[in-house]
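Here's the structure we're looking at; comments come further down.
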Amino acid sequence: MTLEAFATSQPLTLGVELELGIVNTHDYDLSPSAVDLLRLMNKRKIPGDVKPEMTDSMIELSTGVCQNYDDALSQLTEIRGALVDCARKLNVGLCGGGTHPFQDWSERRIFNTPRFHMLSELYGYLSKQFTIFGQHVHVGCPGPDEALVLLHGMSRFIPHFIALSASSPYVQGTDTGFHSARLNSVFAFPLSGRAPFVTTWDDFGTFFEKMTRTGVVKSMKDFYWDIRPKPEFGTIEVRVLDTPLTIEKAAALAAYIQCVGSWLSKEKPFELAEDDYLVYTFNRFQACRFGPDGTFVDPKTGEHRTLREDILATMAATEQHAIDLKADTAMRYLRSELQRFGNDATWARQVQEREYLLAEVVRQQCLRWSGELVV
């Protein structure tokens, strides 16, 4: 197979995808209600799309092309309204969070599509364990070479995106000690991790041809990289974020990625090098394990600082870009979150410490997703 052509897209436009859990309103365990929810949603007109995911207790929503934070938030608000309305008709709830805190993966059922069944046959029990929930953000690029350069520049900030979005401290009823335990499930897949260090589309095409020749890869969908090019959309896709508990945070995180992308594209503050990846897995682990309090190692200088410090420094460096992109409200929101909770994982732990009941954590997550509970 040959690599498809890289589509034309407007630079720095956004697309947001969110995977959500569907829960019953009795004990707040996952509910196999995706088919019924999608049937109701098919009758609703929304700006993006809602489709099935790997198992039948989850769905994925996606916006259309967004210009900025306000546009993303507006589209997410409209989609959420339709989803919440349909969910209430089925007496089920919807929630964010990178993992469901106490669901048993062995009880999940693969959603009935040929691709999902193929993946289940290939990956075995990992497929059901993939009942996890992430946010993906697409960033428009003017061309394929620029997309690869932006991809590698953005990779330095993968720990930022993990630490800010982390919302998966619990798995199978247990506090894992991680802020983002969800990503441990992603890392189990053989084609996860980082993209190869190539910065031209010709070189990427050579890599892709070698991979398809092995028979391991048939399309770009087979790569589960932290960031991957999406030639059919003319974007790069950032894939490491846990699904936040609110649409406001989801839109703000997309805006932060857009601001970083604008800064990297226009100011070129770093010279890219393969050696940047020497500390990549260490920084990523620190973000998953400790959130904003994790250690960040500067790939250029070797300096150690906390992720919180590096995030705030990056926000200061991108301030004018945030103003130009009308994302300064989003940046204030994220800075406030850093000071209050740090991330949604810490909020969930605080609720559990108060309530001693993970079902109550999920109930409040549903209220936060619907906009009925503001914290």
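The values are calculated or read from the model by the stated rules, or taken from the named source; none is laboratory data. None of these values were measured; they are calculated from a predicted model. Every residue, glycine among them, receives a Cβ derived from its backbone with ideal geometry; neighbour counts consider all protein chains shown. Side chains are part of the model used for accessible areas, which takes the heavy atoms of the whole protein and leaves out ligands, DNA and RNA. Shrake-Rupley method; radii C 1.70, N 1.55, O 1.52, S 1.80 Å.
Overview of results
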| read-out | value |
| --- | --- |
| Residue in segment 317-375 that is farthest from GLY261 (Cα to Cα), counting only those that are β-branched (Val, Ile, Thr) and in contact with a His (Cβ under 9 Å, 6 or more places away or on another chain) | VAL362 |
| Helices (runs of 4 or more DSSP H) completely within segment 136-210 that count 3 or more residues being open to solvent by 10 Å² or more (accessible area, probe 1.4 Å) and over 22 Å from LEU18 (Cα atoms) | 144-155 |
| Subset tally (residues that are open to solvent by less than 50 Å² (accessible area, probe 1.4 Å), closer than 14 Å to ASP56 by Cβ and assigned to a loop (DSSP other than H, G, I, E, B)) for segment 97-121 | 5 |
| Segment 139-178, residues that are touching a Phe, Trp or Tyr at 6+ places or on another chain (Cβ under 8 Å), among the β-branched types (Val, Ile, Thr) and under 21 Å from ALA250 (Cα atoms) | ILE158 |
| Residue list for segment 297-317, restricted to those being without any contact (Cβ under 8 Å) to a residue 60 or more places away in the chain and among the acidic types (Asp, Glu) | ASP298, GLU303, GLU309 |
| Residues (crowded, with 24+ Cβ neighbours inside 10 Å and not in a strand (DSSP E or B)) located in segment 55-70 | ASP56, SER57, THR63, TYR69 |
| Test: LEU73 is among the aliphatic types (A, V, I, L, M), under 17 Å from the mean Cα position of the chain (by Cα) and open to solvent by less than 30 Å² (accessible area, probe 1.4 Å) | no |
| Single match in ARG289, ARG305 (criterion: modelled with pLDDT of 95 or more, out of contact with any Cys (no Cβ under 7 Å at 6 or more places or on another chain) and part of a strand (DSSP E or B)) | ARG305 |
| Residue match in segment 13-29 (condition: in a strand (DSSP E or B), of a type in the set (Gly, Ala, Ser) and in contact with a Leu (Cβ under 9 Å, 6 or more places away or on another chain)) | yes |
| Scope segment 330-359; condition touching a residue at least 60 places away in the same chain (Cβ under 8 Å) and open to solvent by 30 Å² or more (accessible area, probe 1.4 Å); matching residues | TYR333, THR346, ARG349, GLN352 |
| Qualifying position, being open to solvent by 20 Å² or more (accessible area, probe 1.4 Å), basic (Lys, Arg) and in contact with a strand residue (DSSP E or B) (Cβ under 9 Å, 6 or more places away or on another chain), among LYS89, LYS45, LYS128 | LYS128 |
| Selection within segment 1-50 - more than 17 Å from LEU90 (Cα to Cα) and among the charged types (D, E, K, R) | GLU4, GLU17, GLU19, LYS45, ASP49 |
